[in-house]
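Nothing in this text is a laboratory measurement; each read-out follows from the coordinates by a stated rule. Just so it is clear, the model here is predicted, and its values are computed rather than measured. So basically every Cβ, Gly included, is an ideal-geometry build from the backbone, and we count neighbours across all protein chains shown.
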Amino acid sequence: MKRKNIRLLPPIALDERQRQQMYQIEHRGFWLAYFGILALLLLEILTNASGILIGCTTILLLALSIYMECCCIRRGLWDWRLKPNPKSNALMSMIGAVCIFVFTLLVYTKNGYFVNSPALMYLCALIAAFFTFILTFALLSVTAHICNKRNARLDEACEEDEDEDEDE
């Protein structure tokens, strides 16, 4: 028995050019929202907002990040410009470590931590940056490995489909 598809929305009425433009608009809108939420989270932390507000913003940012990561890995995609290799992983990890170093110094300075010992403040910020680099590099390496494996599987499936089409 054939199953009938029930449509809740009308079919897409855009041509290929309009679809590409829509994808670009949605792409920019997503990244605007993502970095806006990130900026909001940093502002909340620096202004000593309530823990519940910071927690909700963090959950929203993590949900967006996990969604994007899962969707990209599922399709074997990594990035528009970077390849999933150790060099790009190290670059992204270093950028994250520098951001954490600066952010840690800002938080410590604002809250008056280590006022009598600036060397200790820099050491703590450096330790935070080091662990951020290590954890980010490890996470990116594992994710890159999974993405490469998924991409290889998708390529094999595509080649098998092409072979079947040639046989017919």
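Data overview
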| item | result |
| --- | --- |
| The chain: radius of gyration over Cα atoms, expressed as a fraction of 2.2 N^0.38 Å | 1.45 |
| Dipole magnitude of the chain about its Cα centre (Cβ charges: Lys, Arg +1; Asp, Glu -1), debye to nearest 20 | 1140 |
| Per-bin percent of Cα-Cα distances, the stretch 81-168 [10 Å] | 17, 28, 20, 16, 10, 6, 3, 1 |
| Cα long-axis angle, helix 51-74 against the chain (0 to 90 degrees, to the nearest 10) | 40 |
| Within a Gaussian network of the chain (alpha carbon springs, distance under 10 Å), most fluctuating of PRO11, PRO118, PRO84 | PRO11 |
| Hz values of 3J(HN,Hα) by residue in the stretch 152-162 - Karplus curve (6.51, -1.76, 1.60), Gly and Pro given as x | 5, 4, 5, 5, 4, 5, 5, 5, 5, 5, 5 |
| Extreme residue, positive dipole direction of the stretch 81-168, given options THR132, LEU82, VAL115 (C-beta unit charges) | VAL115 |
| Over the chain, relative contact order from alpha-carbon pairs under 8 Å, at least 6 apart, % | 24 |
| Low-density loop positions, chymotrypsin sites (Phe, Trp or Tyr not before Pro), the stretch 41-105 - DSSP coil, at most 11 other Cβ in 10 Å | TRP80 |
| Rg/Rg_globular for the stretch 30-103, with Rg_globular taken as 2.2 N^0.38 Å and Rg from C-alpha atoms | 1.28 |
| 222 nm mean residue ellipticity, helices alone, for the chain (DSSP H n ≥ 4; -39,500 (n - 2.57); rounded to 500) | -28500 deg cm²/dmol |
| Under Karplus coefficients 6.51, -1.76 and 1.60, residue-wise ³J(HN,Hα) of the stretch 41-50 in Hz, glycine/proline x | 4, 5, 5, 4, 5, 5, 9, 6, 5, 5 |
| Evaluated at q = 0.26 Å⁻¹: base-10 log I(q)/I(0), Debye formula over Cα of the stretch 123-162 | -0.79 |
| J(HN,Hα) series, the stretch 25-31, from Karplus relation 6.51 cos²θ - 1.76 cosθ + 1.60, nearest Hz, glycine and proline x | 5, 5, 4, 5, x, 4, 5 |
| Nearest 10 degrees, 0 to 90: helix 86-111 Cα axis against the chain principal axis | 40 |
